[in-house]
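Scroll down for the structure; my scribbles are underneath it.
No lab work stands behind these numbers, since they all come straight from the coordinates. This structure is a prediction, so every number in the text was calculated from the model and none was measured. Backbone-built Cβ (ideal geometry, glycine too); neighbour counts: all protein chains shown.
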Amino acid sequence: SMKRGDIEGYIHYLSGILGASLPFVVFVAFPISYARLARVLFHQGAAVAGWEGVRDIGRSRHMIVTDSDIFPPSAISIEAVRILDGMWPESIISAAGSIICASGSGLAPAFIDLMKKNNCEKQEVEDFYCHEGGGLTARINGMEVICGSAAFMNLMSIRIPQRMNLDNCVYLAINRTIMGVFTIDYRPLPLVKSALSEIMTVKRQPYFAIRDFLVTPLMIRNKFKISTDGFEFPTFERRYEISSVEPGQDSQVSAVLTREGLGSFILLTERVRKLYTISLVLLVFALLIGVVGMILLTYYPIVGAFALADVKTVLFYMLLSLLPVIILNIVFMN
């Protein structure tokens with residue numbers, strides 16, 4: 001019994017009711033779903049940083065797509081190199097590689113490999129600038145270097161010989177004269193293609209912060225044979241700004257990916273988003289069940305129905321609360 005004004009006794013009885021009415025789902029809602037997801041992601045070379053990582057990814061509403069997401073380094077290679085007569089190949093390759101590396105685009109690894117094969121070294125790049133068309137200008141060894149697509153060269157009033165006017169080519173001009181042409185081979189990956197097809201169905205706004213001036217909506221449509229309607233490509237100034245953001249001192253790692261490409265990224269974020277949604281749904285369910293349990297465990301003793309609040313009934317009530325965990329994991333996590 002509890003006397004009037006016995007606050008300690010009231011708290012004691014209330015804690016007993018809370019302990020008996022709190023369903024098991026409160027303790028296993030997230031751990032069970034997370035353990036299952038972690039096992040799946042492990043086999044795909046990925047991991048999520050606990051609840052903090054799930055929360056951060058689940059709440060995010062935007063997605064930044066960069067060069068390596070569309071064409072990983074393994075999917076880009078230099079197919080052919082053409083150097084104009086009278087020029088040292090090493091100097092042209094070095095100039096092209098230096099300005100491409102300064103841009104930080106997805107072409108950089110391919111040009112770094114080309115420089116290594118030809119014993120070239122990166123040169124100091126001064127006055128680097130990215131134009132709106134994606135073309136690059138800089139000064140290297142005191143010379144004006146212009147690098148870009150055929151469209152950009154025409155925009156800069158630099159004449160391209162008819163036999164060199166090709167698609168998917170990086171043109172290098174020194175002192176406003178074409179000196180080198182690099183034909184790039186882009187290999188579309190099936191996993192990236194499926195991810196691009198699904199990217200507009202995910203509940204996140206994608207921003208294509210791609211620095212590679214050859215990767216355009218038209219090029220993606222032709223390479224992957226998909227519609228690019230709805231793909232947002234910001235201005236190159238905005239792309240550089242978005243893709244150059246560095247983590248702050250207080251930033252935490254939300255997840256780790258070891259596989260390249262957009263496919264792995266989409267797969268991870270969508271599975272984590274589902275886990276976050278399931279966890280919130282189960283938390284709300286647990287709170288509702290807990291309130292109902294408190295009311296019943298308070299009401300039954302008052303009306304003398306002690307048999308309805310025995311150990312077996314409470315245990316059955318606890319186990320029954322796990323049913324939504326099983327159902328939601330089967331339906332959504334598959």
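Take every Cα pair under 8 Å whose residues are at least 6 apart in sequence, average their separation, divide by the length of segment 73-186, and the relative contact order is 30 percent. Between 0 and 90 degrees, rounded to the nearest ten: what's the tilt of helix 311-320 against the longest Cα principal axis of the chain? The angle comes out at about 20 degrees. Charge tally around Leu84: other residues with Cβ under 13 Å, Lys/Arg +1 each, Asp/Glu -1 each, net +2.
Near Leu280: Cβ cut-off under 13 Å, other residues only, Lys/Arg at +1 and Asp/Glu at -1. The net charge is +4. Out of these labelled values of Cα Rg over 2.2 N^0.38 Å, (i) 1.02; (ii) 1.20; (iii) 1.50, which was calculated from the coordinates shown here? Working out Cα Rg over 2.2 N^0.38 Å from the coordinates points to (iii).
Placing unit charges on each Cβ (+1 for Lys and Arg, -1 for Asp and Glu) gives the chain a dipole about its Cα centre, and among Phe42, Met294, Pro188 the Cα reaching farthest toward its positive end belongs to Met294. Size check on segment 73-186: the Cα extents along the three principal axes, sorted descending, read 32, 31, 29 Å. Stretched out straight at 0.36 nm per residue, the stretch from Ile160 to Lys225 would grow longer than its current Cα-Cα span by 20.5 nm. For the peptides 271-282, 109-120, residues were scored by their other Cβ atoms within 10 Å and the scores averaged per peptide; the highest-first order is 271-282, 109-120. Efficiency by 1/(1 + (r/R0)^6): what FRET value for Val291 and Arg238, r their Cβ-Cβ distance, R0 = 45 Å, to the nearest 0.05? Result of the calculation: an efficiency of 0.40. Gain on full extension, evaluated as 0.36 nm per residue between Arg36 and Asp85 minus their Cα-Cα distance, stands at 11.5 nm.
Computed over the chain with a Gaussian network model linking Cα atoms closer than 10 Å, the most mobile of Val192, Val170, Val253 is Val253.
With 0.36 nm allotted per residue and the present C-alpha distance subtracted, the His62-Phe128 stretch has 20.8 nm of extension available.
Helix 7-21 and the long axis of the chain differ in direction by around 60°, with both axes built from C-alpha atoms. Kindly state, to the nearest 0.05, the FRET efficiency for Ser74 paired with Leu323, given R0 = 45 Å and r defined as their beta-carbon distance. Efficiency computed from Cβ-Cβ geometry: 0.45.
Relative to the dominant Cα principal axis of the chain, helix 108-117 is inclined by about 50°.
Residue order for Ile295, Ile220, Ile83, fewest other beta carbons within 10 angstrom first, comes to Ile295, Ile83, Ile220.
Within segment 222-252, the trypsin sites (Lys or Arg not before Pro) that combine a DSSP coil assignment with at most 11 other C-beta atoms in a 10 angstrom radius are Lys225. The residues packed around Ile100, meaning those with a beta-carbon under 13 Å from its beta-carbon, carry a net charge of -1 if Lys and Arg are +1 and Asp and Glu are -1.
Per-residue packing, averaged as other Cβ atoms within 10 Å, sorts the ranges 141-148, 255-262 into the order 141-148, 255-262, beginning with the highest.
In terms of the mean number of neighbouring beta-carbon atoms within 10 Å, the peptides 160-168, 57-65 order highest first as 57-65, 160-168.
Ranking of Val291, Val125 by neighbouring Cβ atoms within 10 Å, starting from the fewest: Val291, Val125.
Legend: distances between Cα atoms for Lys117/Lys225; Lys203/Lys225; Lys117/Lys223; pairs beyond 31 Å are Lys117/Lys225.
Whole-Hz Karplus values for segment 263-271 come out as x, 5, 5, 5, 4, 5, 5, 6, 5 Hz, taken residue by residue from phi with 6.51 cos²θ - 1.76 cosθ + 1.60 and θ = phi - 60°; glycine and proline positions read x.
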